[in-house]
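Worksheet: one structure, shown below.
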Amino acid sequence: MRYSKLTVVVVLVLATFLASATAQPKYVLRLSSPVSKDHAFGRGAEKFKQLVADSTKGQVDVQVHHANALSPIREGLEMVRLGSLDFQVCGVAHVSRFVPEMNTLILPYFWKDTDTMFTALDGRMGQILEPLLLDKGFKVAGWWDNGFRHVSNSKRPVRSLEDLRGLKLRTLPTKVHVTFFRALGVSPTPMDWAEVYPALQQGVVDGQENPPGVVYFEKLAEVQKYYSLTGHVNEPVTLLVSRAVFTKLPGDVQAVIMTAAKQASLWQRAESQKDNDELLKKIAAAGMQVNPVPDTTLAELRKVAQKIYSEAIPDLGPKGKELVELGIALNK
């Protein structure tokens, strides 16, 4: 059989077109992360993207937007609820305005260590919280690690409670966090993370409190001088998927997303903990003075924290008392 040159060209064009069409993802989903690509959140998001792509042979493309490039966390969460954003990575405190029980997880000096926290979240505590979040439009795809938070500031190292007095610190936007710092004589100033660096740079606030990964990768050494290892809160992070979006996806795609999210979560936790162990040296090398806080001061901080637990319960939602009691039992 003989073919004209025109026929051959047409066949080649059609083949190229079909191959291109086949390579296009069937589902494109957007994920917003508040910090840089180098941070454990960013690497975790990229790992999740890769796992989803590999499992679906490229048919599901998770497009990751780092460093609040898509939207600040507050707006991102609203978009997730409405179904106009597919995934949001954020600390649990940011979700507490929808589910007040989430504030239980950031009670000061609540977690004795990270393993205990994830045992709780992967178990009974997660089973209590996840339906509450789903009811507000958020499906938990994974619980991630951020690490213990420590205080940084531009005024002085914190070695005693007196050193905290009078500092104006950016804090998490939650009542329990504000109450704790106010009891220490701090002037707490909640604000979205996207606003923090310029606020520190311009002296609007004296300091902030975050784990080493945030301090290092967000280059806070450029605008802060002291980093004191208070270890006052271990705030877990959530990878949230929009319920409105998730329920419209085919069952096999849903299964891939949840499996990939579980794998990415375990990977991210390990990366974050490795970072936090290594980054204190890098923070010091970048110019910040890193200091341990004396055990006597930590004991005083714990006493202040534990006094507010019972006061906080009425603001922790209908399941708050149960969660606090569960957490205290797990952390003995």
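The values are calculated or read from the model by the stated rules, or taken from the named source; none is laboratory data. Nothing here was measured: the structure is a model prediction, and the numbers come from that model. Don't worry about glycine lacking a Cβ; one is built from the backbone with ideal geometry, like all the others, and counts go over all protein chains shown.
Might you check whether a residue that is surrounded by 19 or more Cβ atoms within 10 Å (Cβ to Cβ) and closer than 30 Å to residue 28 by Cβ occurs anywhere in the range 189-197?
Yes: the range 189-197 contains one or more residues that are surrounded by 19 or more Cβ atoms within 10 Å (Cβ to Cβ) and closer than 30 Å to residue 28 by Cβ.
With respect to residue 178, is the statement that it is crowded, with 23+ Cβ neighbours inside 10 Å and either assigned by TED's automatic domain parsing to the domain that holds residue 197 or part of a helix (DSSP H, G or I) (or both) true?
For residue 178, the condition - crowded, with 23+ Cβ neighbours inside 10 Å and either assigned by TED's automatic domain parsing to the domain that holds residue 197 or part of a helix (DSSP H, G or I) (or both) - is not met.
Output the qualifying pairs, or none if there are none: Cβ atoms under 9 angstrom, residues six or more apart or on different chains, first residue in the range 71-98 and on the phi > 0 side of the Ramachandran plot and at pLDDT 95 or above, second residue of a type in the set (A, V, I, L, M) and in a helix (DSSP H, G or I).
83/244; 83/245
For the range 138-173, give me each residue that is under 23 Å from residue 43 (Cβ atoms) and in contact with a Lys or Arg (Cβ under 6 Å, 6 or more places away or on another chain).
139, 145
Quick test for you: out of 45, 53, 15, pick the one residue that is over 30 Å from residue 278 (Cα atoms), assigned to a helix (DSSP H, G or I), at pLDDT 95 or above and not assigned by TED's automatic domain parsing to the domain that holds residue 192.
Numbers: 45 fails: over 30 Å from residue 278 (Cα atoms); 15 fails: at pLDDT 95 or above.
Going through 45, 53, 15 in turn, just one is over 30 Å from residue 278 (Cα atoms), assigned to a helix (DSSP H, G or I), at pLDDT 95 or above and not assigned by TED's automatic domain parsing to the domain that holds residue 192: 53.
Residues in the range 222-229: is at least one touching a Phe, Trp or Tyr at 6+ places or on another chain (Cβ under 9 Å), at positive phi and assigned by TED's automatic domain parsing to the domain that holds residue 158? So that I can check it myself, show each step before the final result.
Of the range 222-229, the ones touching a Phe, Trp or Tyr at 6+ places or on another chain (Cβ under 9 Å) are 222-223, 229.
So of that shortlist, the ones also at positive phi come out as none.
No; the residues of the range 222-229 include none that is touching a Phe, Trp or Tyr at 6+ places or on another chain (Cβ under 9 Å), at positive phi and assigned by TED's automatic domain parsing to the domain that holds residue 158.
Can you tell me how many residues in the range 224-270 are within 12 Å of residue 146 (Cα to Cα), assigned to a helix (DSSP H, G or I) and touching a strand residue (DSSP E or B) at 6+ places or on another chain (Cβ under 7 Å)?
So the count comes out to 3.
Go through the range 82-100 and report how many residues are of a type outside the set (Lys, Arg), touching a Leu at 6+ places or on another chain (Cβ under 9 Å) and either surrounded by fewer than 24 Cβ atoms within 10 Å (Cβ to Cβ) or under 15 Å from residue 241 (Cβ atoms) (or both).
Looking only at that region, the number is 11.
Of the residues that sit in the range 194-223 and are out of contact with any strand residue (DSSP E or B) (no Cβ under 7 Å at 6 or more places or on another chain), within 20 Å of residue 94 (Cα to Cα) and among the aliphatic types (A, V, I, L, M), which one is modelled with the highest pLDDT?
214
Given the structure, is residue 61 touching a Pro at 6+ places or on another chain (Cβ under 7 Å) and touching a residue at least 12 places away in the same chain (Cβ under 8 Å)? I'd like the intermediate steps shown before the answer.
On the way: touching a Pro at 6+ places or on another chain (Cβ under 7 Å): yes; touching a residue at least 12 places away in the same chain (Cβ under 8 Å): yes.
Criteria met by residue 61.
Assess whether residue 325 counts as being at negative phi, in contact with a helix residue (DSSP H, G or I) (Cβ under 8 Å, 6 or more places away or on another chain) and either outside any helix (DSSP H, G or I) or not assigned by TED's automatic domain parsing to the domain that holds residue 133 (or both).
Against the criterion (at negative phi, in contact with a helix residue (DSSP H, G or I) (Cβ under 8 Å, 6 or more places away or on another chain) and either outside any helix (DSSP H, G or I) or not assigned by TED's automatic domain parsing to the domain that holds residue 133 (or both)), residue 325 does not qualify.
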